[in-house]
Each structure stands twice: as structure tokens, then as C-alpha cells.
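Computed from the coordinates by the stated procedures, all read-outs in this text should not be read as laboratory data. Bear in mind that the values here come from a model prediction, so they are computed numbers and not experimental data. Reconstructed Cβ throughout: ideal geometry from the backbone, glycine too, with neighbour counts over all protein chains shown.
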Amino acid sequence: MATRESLDDKLAAIRALRGEELSDEQKGGLRKRIGDRSNLVVAAAAAIAGENALAELAGDLQAAFARFLVNPVKDDKLCRAKLAIVQALDRMEHPQPDVFLKAARHVQLEPAWGGSEDSAPRLRAAALVALARTEGPDSLPVLVDAMADPAKDVRIAAAVALGAVGTVGAGLVLRLKVRLGDKDPDVLSECLSGLLTVDPRENLPFVAEFLDPGNPPACEAAAMALGRSRLAEALDPLRDCWERSHSDELGRHILLAIAILRRPTAMDFLADLVASESEPDAIAALSALGIYKDDPRLGERIAEVVRGRGSPRLQAAFEREFG
């Protein structure tokens, strides 16, 4: 009698396929794993299928997804299999939206301390991004609904997806959401980033309106959105906001956004702060520049500036950030 494979054996066999160029026999074995009863096995197999863009397994993945919707709390705790399936189908650029539509609306309440907790936000978030790819503007009704999702991660994904859709309608939804506000600054920041993706030239002045030091959460959200945009035109409003800021913490956020721009003029501005501003401001600029500590040319340039100041505090800060 053949020995029955343990769960650990199955998972180990799947992990052994990572980074391998799969033979037809191995692909057949992966197909079998996708049909397994264990959500952990299916999740692991789906990840390998997505990694290798095995479009021939898309039908098996769809069937597995449907199977885990029948009794999801019992059969797929924490949505592990369903999430991996959605991610795999998206990685292989699966063109059919059916699984993504179901996943985007799936709520899975699982027992938790004192009641129940939805385990599906990451699943819904992944599905929204996939829907934007497959459906484009036709995904707008689902994305608009998702902007009111109780889960922060889903609202963030909806904002990212709307930016990817990139139509005037998508931009108007993002603009309305910004005007209405959100309790989480990360959601607001992604909405502002989405607007800069839809139409950077038209929406940059709108985003810059939120660079108000009197409203730190909105100001930080707008600063990071402008930084991520990499637009040269974003430097002036960020620099002006930094000069108006009287909060050290907010100032550090703005300088980080300027560093993220990674424009030559932005690097010049930060280097000038290190060279000539007060020690606290110079140290804040060093901290922002520290995200590029692996850039040897920038490191040499800033090291020379710091040596020119002759400040032990600045030297220590440089070694901490670039060491």
C-alpha cells in the first residue's frame, strides 16, 4: 500500500519547484496540487503557477476558486487559497474577469476574539487591481463601491486601480473621494497619487492645495503623493511647504517626499540644506537623503558637504544614515 503524502511533504514538493523551469511532468503534478483539498497546498501551487505564468492551468485555478467559495470559512481560512489564485491569474494576465469580480465582492467573516472578523480585505484588494487590468473603464462601478469599503487596504487598492484605469471618469471619482476625505491618510495619499497618474499636469495644482502645514495628515498625504509622482514641477510646492512648516515631524516628511522625487534639482536642494541650514534641518535633510545610501556617487558628494561643515553632530548623522 502506498504511503499517503503528509501536508508537509506536499508543501515541500511544491517549494522545490521555485525558480525551476518546469517540465511537462512537473506541470502535470502542479495541476494535481491545484485540485488538492488543502487550501495551503492549493495556495502554494497557485503561487508557482503564477510565477511561471502557466496560462494552461488557468481553468484549474478557476475551478479551485469556485470550490473554495462553497464553504469558505471551513475550507479556506484567511482566504489563503483564494488570494493566491487571484494573484496567480493576474500574474499570468488572465483575461476573464469572473474570478476577479467574485473576489472583489467577497466578505469572509471568521470567528475572532469577541465576535467575528473579515479575513478577505487582501483578497478584495488584489481583485480590484486585476479588474482594472482586465476591464478598464468597465470596472468603474466595482471600484467606486470599493472606495466605501470598511477596510483601509481595499480603499487603497481601489484608488490605485482607478489611477490605472486612467480615464476622466476615474479621475473624477478620485477627486470626489479626496474632497469627501477619509479617516486614513494613506487612502488620501493613494487617491492623490491616482490623480497624478490620471493627468499629472492638470491635477498637480489640485494636489498641491493640500500642502497645508495647518492640516498635517492631509499635508503629509499630499507630500508623499507628489514625491512618488517624480514630477519636476512638484519640487517648488514641496519646497514652499517645507519653508512654511513649523513642525519638525512634518518637515521630515516633506524632505523625504523631496528625496523621493529623485530629481537633480531635488538632490541639489537637499544638499544645500546639509551645507548651510541649522544642524537640526541639516540632519533632517541627511535622513531624507539616506534612502539612497547605496548610491556611491551621492554618498561621496554628501560626505564632502558634511566635512565642509566641520560639525561632529552632522558627521555622526551622516555615518548613521550612510554607514
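When the range 19-43 is filtered for residues that are surrounded by fewer than 16 Cβ atoms within 10 Å (Cβ to Cβ) and not small (Gly, Ala, Ser), the ones remaining, listed by number, are GLU20, GLU21, ASP24, GLU25, LYS32, ARG37. Of LEU192, LEU188, LEU176, all but one fail to be surrounded by fewer than 17 Cβ atoms within 10 Å (Cβ to Cβ), among the aliphatic types (A, V, I, L, M) and more than 21 Å from GLY290 (Cβ to Cβ); the exception is LEU176. So ASP90 ticks every box in (1) free of Cβ contacts under 8 Å to residues at least 12 places away in the same chain; (2) acidic (Asp, Glu); (3) part of a helix (DSSP H, G or I) but one. Which box is left unticked? Here ASP90 meets the rest and fails (1).
If I filter the range 140-162 for residues that are crowded, with 19+ Cβ neighbours inside 10 Å, over 17 Å from the mean Cα position of the chain (by Cα) and basic (Lys, Arg), do I get at least one hit? No: the range 140-162 contains no residue that is crowded, with 19+ Cβ neighbours inside 10 Å, over 17 Å from the mean Cα position of the chain (by Cα) and basic (Lys, Arg). Across the range 140-149, the number of residues qualifying as free of Cβ contacts under 8 Å to residues at least 24 places away in the same chain and not in a helix (DSSP H, G or I) comes to 1. All conditions but one from (1) under 27 Å from ALA303 (Cβ atoms); (2) in contact (Cβ under 8 Å) with a residue 12 or more places away in the chain; (3) within 26 Å of the chain's Cα centre (by Cα) apply to VAL207; the one that does not is (1). If you go through the range 196-215 and keep only what is aliphatic (A, V, I, L, M) and over 21 Å from ARG239 (Cα atoms), you end up with just VAL198. Taken over the range 222-246, the residue count meeting the criterion of being over 14 Å from ARG262 (Cα atoms) and in a loop (DSSP other than H, G, I, E, B) is 2.
The test for being touching a Gly at 6+ places or on another chain (Cβ under 9 Å) and either of a type in the set (A, V, I, L, M) or buried (at least 17 other Cβ atoms within 10 Å of the Cβ) (or both) holds for ILE258.
Of the set (1) in a helix (DSSP H, G or I); (2) over 22 Å from GLY171 (Cα atoms), all apply to GLY214 but (1).
Taking the range 20-37 as the range and being over 25 Å from PRO95 (Cα atoms) and within 29 Å of the chain's Cα centre (by Cα) as the test, only GLU20 passes. Being touching a Phe, Trp or Tyr at 6+ places or on another chain (Cβ under 9 Å) and either assigned to a loop (DSSP other than H, G, I, E, B) or more than 21 Å from LEU123 (Cα to Cα) (or both) is a condition met by no residue of the range 23-31.
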